[in-house]
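Report on one structure; see the data block that follows.
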Amino acid sequence: MRQLYIRDRSTDLHGTTVIRDKNGKSCYLLVGKWGIRHDALSLYAIDGALLAEVKQLSLGLLPKFALYVNRQRVGTIGKGFGLVQQVVYIRDINWIIVGSPLTSRYRVFCGSHLVFSIHPVKLSSGYCHELKVNNKNDEPLAILVASILNHWARRSNQEPIFAKLLKRSPNLGTSMSFSISNQLNLSINKKVK
């Protein structure tokens, strides 16, 4: 399992993002922008070879994106509903995304096999997303899917929403009247401390 790190800055909407491994070595370049129909993000190897792309197909509350590998369309992803828990299906490649927009934690499966997971981590330079990818061949699509998930949850500060709420109201974790799950509360409280 390889770990990759994607920094998330508000300026990367129109620029280049470098994806690094756990040793800080540059592995990929993510280039492009979001915002209007037919906008695209392209993923390049460090040597400049185009590996994969994601193109925005539609706008609105439930935008759709097409995934391309070697200039061939391999899948389509559309935004799903859900605030606490979200399930999204990626057509044609049969990946299922399960996660929470509140915590920015997701796991992606193909059948019962875990393809990759994503979660925010705090580094000395700020928040970024850590991808743990099981198969190196899945890395380009994993990075693009992670970029789409980041785009849907974009905030100026990528600290998870629930962690922000706990900082503002420390008693929130113990007096919640709705049931997210005790494990969610414990994991977030550990990260906040």
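Tell me, yes or no, whether the range 139-148 has at least one residue that is at pLDDT below 90 and surrounded by fewer than 17 Cβ atoms within 10 Å (Cβ to Cβ).
First, pick out the residues of the range 139-148 that are at pLDDT below 90: 147-148.
Still in the list and also surrounded by fewer than 17 Cβ atoms within 10 Å (Cβ to Cβ): none.
No, that holds for no residue.
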Of (1) surrounded by 15 or more Cβ atoms within 10 Å (Cβ to Cβ); (2) touching a residue at least 12 places away in the same chain (Cβ under 8 Å); (3) in a strand (DSSP E or B), Val88 satisfies all except one. Which?
(2)
Whether any residue in the range 27-38 is aliphatic (A, V, I, L, M), within 26 Å of Leu102 (Cβ to Cβ) and modelled with pLDDT of 95 or more is what I want to check.
no
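Considering only the range 64-84, state which residues are part of a loop (DSSP other than H, G, I, E, B), touching a Leu at 6+ places or on another chain (Cβ under 9 Å) and either surrounded by fewer than 17 Cβ atoms within 10 Å (Cβ to Cβ) or without any contact (Cβ under 8 Å) to a residue 60 or more places away in the chain (or both).
Taking the range 64-84 and keeping what is part of a loop (DSSP other than H, G, I, E, B), we get 70-71, 79-84.
After this cut, where a residue has to be touching a Leu at 6+ places or on another chain (Cβ under 9 Å) as well, the list is 70-71, 79-81, 83-84.
Asn70, Arg71, Gly80, Phe81, Leu83, Val84 - these are the residues of the range 64-84 that are part of a loop (DSSP other than H, G, I, E, B), touching a Leu at 6+ places or on another chain (Cβ under 9 Å) and either surrounded by fewer than 17 Cβ atoms within 10 Å (Cβ to Cβ) or without any contact (Cβ under 8 Å) to a residue 60 or more places away in the chain (or both).
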Of the numbered conditions (1) out of contact with any helix residue (DSSP H, G or I) (no Cβ under 8 Å at 6 or more places or on another chain); (2) at pLDDT 95 or above; (3) not charged (D, E, K, R), Gly111 fails exactly one; give the number of that condition.
(2)
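Could you check the range 91-118 and list, in sequence order, the residues that are of a type in the set (A, V, I, L, M, F, W, C) and in contact (Cβ under 8 Å) with a residue 60 or more places away in the chain? Quick ask: steps written out before the conclusion?
Within the range 91-118, the subset of a type in the set (A, V, I, L, M, F, W, C) is 93, 95-98, 102, 108-110, 114-116, 118.
The one that is of a type in the set (A, V, I, L, M, F, W, C) and in contact (Cβ under 8 Å) with a residue 60 or more places away in the chain: Leu102.
The values are calculated or read from the model by the stated rules, or taken from the named source; none is laboratory data. No experiment lies behind these values; they were computed from the predicted model shown. Using ideal geometry, Cβ is built from the backbone for each residue, glycine included, and neighbour counts are taken over all protein chains shown.
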